[in-house]
Each structure stands twice: as structure tokens, then as C-alpha cells.
Amino acid sequence: MSAAARAAGIVLAFLHACRNPENERAVAAMLAETAPEMPVAPSSGTWPVIRGYERTITAVISGYVEPRVAHCLDRFEAALAGKGVAVPAHITKSNRGVRGIGQARVEPVQMILSGTASGVIGAGWLGNATFRASPASTSATPRRMWR
């Protein structure tokens, strides 16, 4: 089996793509037609910054986690539907913003550090709900989660 046949996704990182993303977009569109089941992570859309190394690494991380995150979000949505939850779910971003599940599927790297942000948002909500002026929070991720 060829390496291309075993690929789980494609990362595009063209030189100077942050200044002119059109070439990456064109190749991403061609790949979407040729292999619609293959996730594509263009660096210019994932992390549009001038620094090529950082942009590329962020796109690689996004390409790696995208299929896994999509699977988890599919299961999450199914579990909510199974419990009769009718409101749309929102996912926390690393910058404490929130987004819908659809956008989280295609930009998973934006929520890589969301655990800490979610803790802060949750502590703020709990503080307001219990009339506490200055709630405190902390976050720790279990090691087994990353195995």
C-alpha cells in the first residue's frame, strides 16, 4: 500500500501563503474535488501569520487532530441527541471564545488549549450563579487523556 493510500489528511504550507493564500486555496479546492473524504489543512486558513515555521507547525497539528476531534464531536452530538438535548452545543476556544460544533470540526487547533479557558468561563458562571464576586479556578489535565 502506498503512503498516499494510508494518509489520514493533507497539510498545505506554501511559502508566503499568509500574504497570498490563493495558491493554497486553489490546491485545497482541487483536493476537495479529487478526494472529498480527505481532510485538508491549509496553513493560510489555519494560522494566517507571517512566520512560516509557526504557521506550518500549527497547520500540521490541526491536520493531525482534525479527524480525531471530528470523531469526538460526532459522538458528543449523538450523546446529546440521545439525551433529548435540543439546543445547539458550543465549544470553547483557547482564547475563551465559543463556537459551534461545525466550526470546531474544521478548525480544531483553535481549541487545543480550551480546557483552561473552559475552567475560567465555568468558574465565572458559577461565581455569578452563587453571587460570589471573585471566583477562582485552576485546571489540570490527566496524563492518561493523551495516551
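The values are calculated or read from the model by the stated rules, or taken from the named source; none is laboratory data. Bear in mind that the values here come from a model prediction, so they are computed numbers and not experimental data. Glycine also receives a Cβ, built like all others from the backbone with ideal geometry; neighbour counts cover every protein chain displayed. The accessibility values were calculated without ligands, DNA or RNA, using every heavy atom of the protein model including side chains. Shrake-Rupley method; radii C 1.70, N 1.55, O 1.52, S 1.80 Å.
From the phi of every residue in the range 7-23, what ³J(HN,Hα) in whole Hz does the Karplus formula 6.51 cos²θ - 1.76 cosθ + 1.60 yield, where θ is phi - 60° and glycine or proline is x?
5, 9, x, 10, 10, 10, 9, 8, 4, 6, 5, 5, 7, 9, x, 4, 5
Just read off the accessible area of LEU80 with the full protein assembly in place, 1.4 Å probe, to the nearest 10 Å².
Here the residue's solvent-accessible area equals roughly 40 Å².
Below 13 angstrom from the Cβ of MET30, what's the summed charge of the other residues (Lys, Arg +1; Asp, Glu -1)?
Within the 13 Å Cβ shell, the charges total -2.
Using the Karplus curve 6.51 cos²θ - 1.76 cosθ + 1.60 with θ = phi - 60°, what ³J(HN,Hα) values do you get for each residue of the range 82-95, in whole Hz, with x for Gly and Pro?
For the range 82-95, the Karplus-derived couplings read x, 8, x, 6, 9, 7, x, 7, 10, 10, 7, 8, 4, 8 Hz, x marking Gly and Pro.
Give me the percent of Cα-Cα pairs in the range 30-98 that sit more than 13 Å apart, rounded to a whole number.
74 percent
At a probe size of 1.4 Å, how large is the accessible area of ARG6, to the nearest 10 Å²?
150 Å²
Given H placed 1.01 Å from N in the peptide plane, which residues other than close sequence neighbours of VAL11 have an amide H under 5 Å from its amide H?
Here the answer is ALA41, since their amide H atoms fall under 5 Å of that of VAL11.
Arrange the residues PHE131, PHE14 by how much accessible surface each exposes, largest first, with a 1.4 angstrom probe.
These residues rank, largest area first, as PHE131, PHE14.
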